[in-house]
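One structure is given below, encoded as structure tokens.
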Amino acid sequence: MKTSRRVFLHHAVRTAALAVAARAEGPRLRAAERKLPFMISLAEWSLHRTLFAGKLAHLDFPRVARQDYGIEAIELVNQFFKDKARDQGYLGEFKKRADGLGVKILLIMVDGEGALGQPDAAQRKQAVENHYKWVEAARFFNCHSIRVNAETEGVGTPEEQAERAADGLRQLALFAAKHGLNVLVENHGGLSSNGAWLAGVIKRVNLPNCGTLPDFGNFRIREGEEYDRYKGVAELMPFAKAVSAKSHDFDAEGNEIHTDYRRMMKIVLDAGYRGYVGIEYEGQRLSEPEGIRATKALLERIQKETSWA
């Protein structure tokens, strides 16, 4: 009886996770309807200096995305409403503003809630539970995912760290599946910037609602060691349910000087991805508005140039 119950519960969880994972496929259909190879969204981090300086309120982000940049899909960062995860009034006001503008909230990027690959099992469980409120907030916004980090505190061999990261991610993904959410991991420094290692972690988790959010630029493993960004994105794309187009600076022709966007987007599209590609400007030379517009213009050129089926 116990074995049958475990099998039943495992089947039920995987079925729920498959249904959740399918929610991230919706944008692919909308891209096809619009005759576009991909769609463009705006990550809130692109305006982090403006937000941290108090020159823009988090509540006004949907308006700025829509009216200033003509973008109708956004990716939130929990740092800008850190104490509001369970404030239903605040969340309701944000959602009302986004809905009123026709702006879709795709996901919440979650930082600062503890390492999901903590060496200590009890602390790892606590880090998992710290993320629960963001799963619930994302569900309230009707997002398809939360984005998390595969932090391990750098303790143990890469294999041992992979095992712990997978354990924490699996716990969180099982919780998220019950709320209709995906859990996505971004390459975000340390071992997570090793594409092969992170792909291996996702395979270990082995749940359809646990995937990746490949970032074009976050491939610094440690001081003086950079993972090949094109190789890394290629390794992460089979599990991708979102993509972050990191940008820093541009040449006179409007091309990003650190990343060959055409080469990178070919990797993305060749993997079959047809969802949103999120602008994440982090440069210093251009202002944040200029950087966002330059990144959008480059992605729009690639949209027009791309031959796809």
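No lab work stands behind these numbers, since they all come straight from the coordinates. From a predicted model like this one, the values you see are computed outputs, not experimental measurements. Glycine also receives a Cβ, built like all others from the backbone with ideal geometry; neighbour counts cover every protein chain displayed.
When the helices of the chain are scored as -39500 (n - 2.57) per DSSP H run of n ≥ 4 and the total is divided over every residue, the value at 222 nm lands at -14000 deg cm²/dmol. Across region 52-170, Cα pairs under 8 Å and at least six residues apart give a relative contact order of 25 percent. Taken about its Cα centre, the chain carries a charge dipole of roughly 1400 debye when the Cβ of each Lys and Arg holds +1 and the Cβ of each Asp and Glu holds -1. Using bins of 5 Å that start at zero, the share of Cα-Cα pairs per bin across region 198-270 amounts to 3, 15, 25, 22, 18, 10, 4, 2, 1, in whole %.
Build a GNM of the chain with springs between Cα atoms under 10 Å apart, and of 122, 294, 150 the one that fluctuates most is 122. Once the Cα atoms are used to define both axes, helix 261-270 deviates from the longest principal axis of the chain by about 40 degrees. Note on residue 178: aspartates and glutamates with a C-alpha under 15 Å away, same-chain residues under 8 apart excluded, are 129, 136.
Other residues lying with their Cβ under 15 Å from the Cβ of residue 162 contribute a combined charge of -2, Lys and Arg counting +1, Asp and Glu -1. Derived from the Cα gyration tensor, the three semi-axes of the equivalent ellipsoid of the chain are 29, 23, 20 Å, largest first.
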